[in-house]
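I have placed the structure first, in the form of structure tokens, so that the comments after it can refer back to it.
The values are calculated or read from the model by the stated rules, or taken from the named source; none is laboratory data. Not measured: the values here are computed from a predicted model. Positions of Cβ are backbone-derived with ideal geometry, glycine not excepted, and every protein chain shown enters the neighbour counts. The protein model used for the area step is the full one, side chains on, heavy atoms only, and it has no ligands, DNA or RNA in it. Shrake-Rupley method; radii C 1.70, N 1.55, O 1.52, S 1.80 Å.
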Amino acid sequence: MTAPQIAAQPPRLPPRPTRRTALPRTVAHLRPPPEWDDEALARAFEAGDEHALAEAYRRWAAYVHTLALRTLGSAADAEDVTQQVFVSAWRGRSGYRADRGALRGWLTGITRHAVTDALSRRSRDVRDLHALAQRAERAEVPDVASVAERVTVVDELEQLGEPQRTILALAFYGDLTHDEIARRLDLPLGTVKSHIRRSLLRLRDRLEEVRDGAAPRV
Amino acid sequence: MPHLGSDALALHAVGEPATPAERRHLAECDRCARELAVLRSTAASARAGVGEALVPAPDAVWERISAELGLAPDVRPGPAGAASAGPQDGTRPARPGGGASAGRSRGRWLLAVAAGLVVGAVGGGAVVAAGQRPTETVVAEARLDPLPGWTASGDAWLEEGADGTRTLVVRVSRTEEDGFRAVWLLDQDATRLVSLGALDGDEGRFAVPPGLDLDEFPVVDVSAEPFDGDPAHSGDSIVRGALDRPA
């Protein structure tokens with residue numbers, strides 16, 4: 001029998017253990033879901049926490065519903081699609097990876113597919129003409145994309161706090177320069193400039209997320 | 001001239017005129033011209049969205065989702081309307097709705113938190129990571145998440161030596177606080193606490209007093225403490241997370 005090999009002394013400050021997996025339930029629930037940041041919510045969702053589904057619904061159901069309503073034009077169809085989106089997202093959550101992208105972007109992609117499917121189903125229903133359905137689908141897709149962008153902007157503007165919302169409104173719709181905005185709101189010039197920049201960059205990132213979200217399908 | 005700053009690009013994108021020097025640069029620099037084009041199209045989309053509002057889904061939609069998926073009856077979306085705050089801009093998450101209903105929902109949540117912690121608290125039977133650490137074993141871990149108003153994050157783990165000594169290792173990203181950072185173990189209601197000491201730098205090791213029951217004090221808390229001579233918790237917690245057995 002040989003003497004057991006003596007393992008080297010571990011370094012005093014070992015690297016972070018790598019076995020950790022999803023966010024433990026207990027950690028997520030130290031604060032109520034409305035206070036989770038989007039990342040914590042995405043991890044809880046990925047880990048299968050039903051409260052994360054409810055919170056995702058609270059944050060984004062209006063966005064999903066509005067997108068469906070503006071593209072389908074029918075309240076009943078928009079409700080069906082909203083239901084379908086959250087049900088498929090939940091059942092297909094194993095296809096979602098929190099480290100690969102925002103949960104909201106993923107939901108947006110599912111919504112766009114659900115809307116496109118509803119539109120092509122509708123055109124098949126109206127006329128049992130294969131060719132027409134195909135043509136309709138081709139024509140509808142870019143429309144869904146531009147509606148998605150518009151609704152995304154509305155959503156993002158609603159989420160901006162003050163004074164960002166007022167600053168953007170004055171810059172976009174009032175056509176005031178940042179000088180004039182700063183004087184009118186009695187804010188430092190640098191503050192106004194940085195709010196315009198940050199709000200615009202946030203919008204840009206949201207719109208990119210929507211465009212990227214067109215890819216996944218559940 | 002150097003590339004245009006992001007403030008300048010944003011201002012041009014919303015329609016403010018460029019200086020002659022900036023215009024010359026934009027004519028020559030593909031990178032700045034591309035960025036400006038992206039921001040202009042963003043601004044155009046934003047203008048197109050004016051005057052619209054989101055239309056909330058009727059309550060019945062959630063009922064149908066809940067029924068189709070067979071969700072527990074207490075799983076319900078909170079009051080709508082609170083903006084979610086992503087970590088991207090470091091703003092604090094908005095409180096839900098405000099007012100009485102938010103308070104009620106918070107109360108329910110604290111109950112759920114307490115229940116969850118009882119179930120998830122560190123148990124006696126430690127899970128050993130086989131072969132990983134010959135002399136010390138990680139018996140519990142915690143992710144430390146920022147409290148509203150802070151953007152730091154971190155983690156903590158509890159090591160147990162062969163002789164039973166326990167050491168809590170805490171790592172927290174840098175924060176700007178006036179004073180110093182202190183490490184505590186809290187009970188699940190965050191009403192009773194044990195002080196472990198000051199955190200110097202981003203990482204610290206703290207001896208856990210023998211006999212301290214971690215089932216009773218499972219929550220790791222790092223607070224910002226002023227140099228005011230008061231040894232009590234300031235109430236200003238930076239990050240917090242519950243110790244849990246490793247998966």
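Computed from backbone phi, the HN-Hα couplings of the range A:45-59 come to 4, 4, 7, x, 7, 4, 5, 5, 5, 4, 6, 4, 5, 4, 6 Hz, rounded to whole numbers (Karplus: 6.51 cos²θ - 1.76 cosθ + 1.60, θ = phi - 60°; Gly and Pro given as x). Taking amide H as placed 1.01 Å from N in the peptide plane, B:ILE238 has its amide H under 5 Å from the amide H of B:VAL222, B:SER223, B:ALA224, each at least 5 places away in sequence or on another chain. A cut-off of 5 Å between modelled amide H atoms, ignoring neighbours fewer than 5 places along the same chain, links B:LEU144 with B:GLY154, B:ASP155, B:ALA156.
Each residue of the range B:211-221 was assigned a 3J(HN,Hα) from its phi angle through the Karplus expression (A = 6.51, B = -1.76, C = 1.60, θ = phi - 60°), giving x, 6, 8, 6, 5, 8, 10, x, 9, 8, 9 Hz with x at Gly and Pro. Taking GluC sites (Glu not before Pro) across the range B:136-203, the ones in a DSSP loop with at most 14 further Cβ atoms lying within 10 angstrom of their Cβ are B:GLU176. For B:GLY197, the residues 5 or more places off, or on other chains, whose built amide H falls under 5 Å of its own are B:VAL183.
Over both sides of the B-A contact, add up the buried accessible area with a 1.4 Å probe and give it to the nearest 100 Å². It would help to have the intermediate numbers written out before the result.
Values: alone 15960 and 14050 Å², together 22540 Å².
Looking at B and A, the buried total is near 7500 Å².
Ligands, DNA and RNA aside, A:TYR57 has an accessible area near 20 Å² when probed at 1.4 Å. Here the Karplus curve 6.51 cos²θ - 1.76 cosθ + 1.60, taken at θ = phi - 60°, turns the phi angles of the range A:88-99 into couplings of 5, 4, 5, 5, x, 5, 5, x, 9, 10, 4, 7 Hz, with x standing for Gly and Pro.
With a 1.4 Å probe rolled over the protein heavy atoms of all chains, the accessible area of A:THR111, B:THR191 falls in the order B:THR191, A:THR111, largest first. Given Cα positions, please report Rg to Rh for the range A:26-128, the hydrodynamic radius being the Kirkwood one. With Rg and the Kirkwood Rh in hand, the quotient comes to 1.04.
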